[in-house]
Amino acid sequence: MPIPILQTWFAKKHSAAPPIKDRSQLRVGIPKVLNIWSTHQFWVGFLKALGISPENIIFSSDTSEEQGREFGKGRGTVDCCYPVKCMSGHYGELIFGQKKKINILLSPMIHSLPSILHGHVVDTVTCTRVMAGPENIKAGFMKENDVFVENGIVYASPFVSLGDRQLVSGQLYTSLKDILNLDPDETERAVQAGYQALENFTTRARQRSREILAWCAQNQKPCILVLARPYHMDTGIGHEIEAELQAHGYPILWLQYLPGDADLMNWLFAEDMRKGRIKTPFDISDVWTSSYSSNTNEIMWGAKVAARCPWITCVIRLSSYECGMDQPTYTPTQKIVEATGTLFFKFGDLDSTKPAGSIKIRVETIVHYLAKYSGSIIGRKLSWLSADCPLPRTSRERTPTRAMADEARAAEPKQLVVLH
Amino acid sequence: MSNKALFQIQPLLIDPCPTQPCAAPEATVNEAGGMVCGIDVGSTTCKYVLASSDGEVLAQAYERHNTKQAEKVLEFLARLESEYGLTPERDRIFFTGSGAGIIAPLVGGKVIQEVVAVAAAVEKLHPSVHFVSEIGGEDMKTIFFHGNGPSKSKQVLMQSACSGGTGTFIEKTARKLEIPPEQLSRMKYSGYTLHKISSKCGIFAEADANTLLKAGVSVEEIIASLFEAVVYQNLATLTRGNTPSPDILLLGGPNLFFIGLQEAWRHHLVRLWQERKITLPGDADPASLIRVPENALYYAAQGCIEIARREPNLVGVYQGAGQLRWWIEEGQHEEKKKLGRGGLWKDREELESFKARYGGNGHGSKNGNGHRSSPTAPSVEEAGNLGPVGVGCDFGSTTAKAVCLSPQKDLLFSCYALSKGNPIEDAKALFRQIRGAVGNGEILGLAITGYGKDLLKNILGADCPVVETIAHATAGLHFFPDADCICDVGGVDVKIMILNNGAVTDFRLNSQCSSGNGAFLQGVAERFNIPMNEMADGAFRAQAMPQLSMGCGVFLQSDIVNQQRKGWQADEILAGLCAILPLNVWIYAGGLNNLQQVGKKYILQGGTHRNLAVVKTQVDFILSKIPEAEVVVHPYSGEAGAIGAAMVALEWAEKGGRTAFRGFDAIEKLSYKTATSIDTVCHWCPVNCQRSFIDVELAEGSGREWSKVPLAKGWERVIVNNSCPKGLVEDLNEMKVIKAGIEKTKNAYPNIADMVRKEAFRRAAN
């Protein structure tokens, strides 16, 4: 039975009356993989602005071995990058695992990313293997039979340079106009809405990180920074290693959402700027000159922040098996972080299986050192910075969540660093 | 399964779909008229097919070679010459299989890659087949044929590096379960409850099977689960985006002999076809499209004949068996010396200087550190009257060890107890000995490490539970403050701790693969009846040794048999094993290809490093990678964990800690009750371990009112006989209590990733 979508869907409407672009019944599935982990709300905002009902935007679940076994078995491709390889499970789940079928499988090929470092680095492009991942995985579903067609699903994989705002409307219009019956103006409006939704979320997340740091400063307590790629937040890829440390009573920050507030950044990097090593707090040219890759750039920047920020006493580095992008960053990030005596622990070669036994022992080891050295690390790093710390410092001991609520109420509006 | 079982291959006649055109180019029939022989020299069996020049099969047979590949081929050739008139200089001979490379040139034969050979036979005999699985003793292969007619193409995938998914994988476990081959071949797959068995490694599968057996799972269910694991492994690793579509051919010994394996294939493939909506020809019964020809074993050999018939008639002309006979009787032994490496040492002088530096490891000073004097063991007079001490205990899986250190961190006393499976009794045995040594001396602090640290902390009144890595690093850094790496090779596990600025920054625990551990070395020594303490001397006696293959322990076993057959003696094989141990430890198990990254100073410890031959190969290996490296053996190789724990206890006491140690009397009087019943069975996974609960009376014990086996306040529970860490959690009720606690902590200490997971994919308005 033909499913009335896309051209046929709209064709009917065309013949009757002026186009009423009612897309509310279209169901769009998005595999929750790779850089969707940092551009999530862009896609939600974009699709919602085009009239797709919120309940009809479906993200696949977190990666799991079961998902791969049930939905991706035998469709795998030759790729040693697990975050790419696991996509076949996500595709399969969206195609076969939905009670109410989807009409469109949207798996963008994201060529570049918005970044807090935009303008301070050479470029913010993505890993080529990650960008082309959708093409690679699609093949497993089209090699013999077109599984998408068989299931009445249109496969949409727009090539999009999210780091280059001016190009985005044109790119999405070109690749989606037939699938969604778009016109250029509404595409531009939807792209604007997408960026706004993403910025709203990112701002809130950065504010949350600032609240955590404020609590740490007030109570002279340590926190942990995770240096990883966005998709390591996927519980099936990062294996929730940081959550095991959190369960020992340490707040966890991720580099993707470090607060970029001018007051805080200027305080941390004042000395570097005074000596002319860097021009702005977001300048990483002192440690990373080939600053083309967005996630790599941010990892290097995160390492610099961690080395300076007194309450980040420990960095957890996560990296997937055979990651060619991460390879050249291992030594520099470790050296940067350890230069100020900040603890650095790497969990490398992550793959589909969680090595639970060794992770447990390593987490207990890390907790031992955190308890033993955090106090002196905080003191030492504070002694290198000026006394006018923008975060309020009192000795009142409160629970972080209560402290954060108070802090949020009391905080004056901060100048946020503009991303674009 | 006798060699008399001859099957006539009847080309084309047996194929049910003769309408499909045959894609294979028609063989250019050799006009010379000589016979053509195909011999498949596999990892467990040899097969031959003898055919006339026009391809008619005249004779065929297969026999197990028991690792004597060349001898079996010689026997075959003698038989073919005398019974079927195979004639040198006239007839031709083509070889395939893992052993073909050495043998073929000796008799003038040509080598054909085995998958190419199988594909040639299948194309000729079954043009409608689209997928072939050939499972061998130590490898697995799949061939996909795409398209039909002249555009037909094939894609070949093969795996031979690891035992997962091969015949050995099944047979090894079946041997352990004492199932005779005849019975194994009749065992079924359908209708049994399946259990999770590691499909990746034969040694782990064996361990899984053992656990299942202990838990009372029937042998039939275990074997059915093994068949499941093999099919899963083949489909998961050797399909690469292709769907095995009908018709399907299953080849190779395991596929032919194990009915259960055939059933497992049928089950999975038919389900896969339904899922992927593969249209089946006509109204054929799907299972009938998966066929196992009764001559499934001979396809590779038959393929050789097909290929031979397309080759010019000067290729592969049989030169007689003389050279092969010479090679078996003399050549291979000469080659043994050429191929094998020298012994574990270059010359006597080098060995002596090594022994002078490392020879007395243990309680002596010769631990490779040369200039550092090691603490001495307590004299008899001192024992029983030690001054104030810090006590460290290491509760391992097989033994419990304890040491007493003076406040100056000198080792005053050490003792151990073999684990009896009840940690309370183990602790009592240990503390009785400590009491004997300490007498009325003061205990400054008590720290425990090893698996027992969480179980026994409250019960003994330990001041510090110390994670293994910290215990080992503390002990290592005390003796060698500039160490960069600690390599601990124990009986069953390999641990590598990488140190940086005095902290353990990386930790490798081998858990995916059994290669490289001490138990394997011990197993081989036992097979040769060599006591462990004489093993190093034996290995040092060897003037030469075979080059064994790194990696999979399952294949290493057959490699050893192979080397033995070539005439290598026990001492030489042990030397060879010691020589590859570092590769297995660092590269295969530790995943550390670049030791330069790790550092310059290495501490070796753990029971396996009591073997001086292993120390020698480790030192040589590390120096070959980093010429300026310094390698030392921990002076208390086996007790390092307990010593490190005691040091942590002393540091804690120095900072003003007042010990909570219960005292020797209290530990001696600990009263407990043990419960083993249906209510103590673990339900976290289908293995259903029969655990025991040991309930200890402790004034401050919090009890477990919510438990199926309720425990009043004033009691503390210790769970034992679980086979994995999950079993330490009693049941869902306890999980809820634990989770609630974790959630409370997590709510108080936020994680930005939680926010992303919860809010970033939200569709409703934020």
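Quick notes
- Residue by residue along A:30-43, Cβ atoms of other protein chains within 10 Å of the local Cβ number 2 on average.
- Full extension of the chain segment joining residue B:151 with residue B:90 gains 18.3 nm, where the gain is 0.36 nm per residue of separation less the Cα-Cα distance.
- DSSP-loop trypsin sites (Lys or Arg not before Pro) across the range B:638-667, with at most 13 other Cβ within 10 angstrom: B:655, B:658
- For the range B:44-150, the set of chymotrypsin sites (Phe, Trp or Tyr not before Pro) satisfying both a DSSP loop assignment and a count of at most 12 other C-beta atoms within 10 Å is empty.
- With a Förster radius of 35 Å applied to the beta-carbon distance between residue B:314 and residue B:63, the computed FRET efficiency rounds to 0.70.
- Antiparallel beta bridges, as assigned by DSSP with both residues in the protein assembly as shown, represent about 55 percent of the total such bridges.
- Averaging over all projection directions, the Cα-based convex hull of chain A occupies 21.6 nm² in the image plane.
- Normalised by 2.2 N^0.38 Å, where N is the number of residues, the alpha-carbon radius of gyration of the range B:235-321 equals 1.45.
- Just so you know, the Rg over Rh for the range A:206-410 is 0.95, from Cα atoms, with Rh as the Kirkwood radius.
- Sum of side-chain charges, residue A:197 neighbourhood, beta-carbon under 14 Å (Lys, Arg +1; Asp, Glu -1): +3
- In the elastic network of chain A, a GNM with C-alpha springs shorter than 10 Å, the most mobile of A:87, A:300, A:325 is A:325.
- Amide H contacts under 5 Å for residue A:163, placed H, 5+ residues apart: A:112, A:113
- Entries of B:346/B:625; B:601/B:726; A:138/B:188; A:143/B:110; A:354/B:736; B:457/B:744 with Cα pairs more than 29 Å apart: B:601/B:726; A:138/B:188; A:143/B:110
- Pairwise FRET efficiency - residue A:123 versus residue A:183, Cβ, R0 = 41 Å, nearest 0.05: 0.85
- To the nearest ten degrees, helix A:184-219 and the longest principal axis of the Cα atoms of chain A are 20 degrees apart.
- Average projection area in nm² (convex hull over Cα atoms of the range A:112-153, one quarter of hull surface): 4.1
- Alpha-carbon Rg/Rh ratio, for the protein assembly as shown, with Rh computed the Kirkwood way: 0.99
- Inter-probe distance in nm under a simple model that places probes 7 Å from Cα toward Cβ, at residue B:673 and residue A:70: 4.4
- At full extension, residue B:194 and residue B:744 could sit 194.2 nm farther apart than now, given 0.36 nm per residue minus the alpha carbon distance.
- Extension gain for the segment residue B:210 to residue B:287, taken as residue separation times 0.36 nm less the Cα-Cα distance, is 24.5 nm to one decimal.
- Average partner coverage of A:246-255, which counts Cβ from other chains inside 10 Å: 5
- Shielding by partners - mean other protein chain Cβ count within 10 Å, residues of A:217-229: 1
- Helix-only CD estimate at 222 nm, as mean residue ellipticity for the protein assembly as shown, using -39500 (n - 2.57) per DSSP H run (n ≥ 4): -12500 deg cm²/dmol
- Scoring B:221-232, B:613-624 by mean Cβ neighbours within 10 Å over their residues and listing the highest first yields B:221-232, B:613-624.
- Along chain A, the exposed loop sites are trypsin sites (Lys or Arg not before Pro) outside DSSP states H, G, I, E and B with at most 16 other Cβ atoms within 10 Å, and the longest stretch free of them is A:144-274.
- Relative packing of peptides B:731-744, B:99-112 - highest average C-beta neighbours within 10 Å first: B:99-112, B:731-744
- Restricting the range B:75-106 to GluC sites (Glu not before Pro) that sit in a DSSP loop and have at most 13 other Cβ atoms within 10 Å of their own Cβ leaves B:89.
- Of the beta bridges in chain A, as assigned by DSSP with both residues counted there, near 5 percent are antiparallel.
Throughout, read-outs are computed from the coordinates displayed, never taken from laboratory work. These figures come from a predicted structure and were not determined experimentally. Virtual Cβ from ideal backbone geometry, glycine too; neighbours counted across all protein chains shown.
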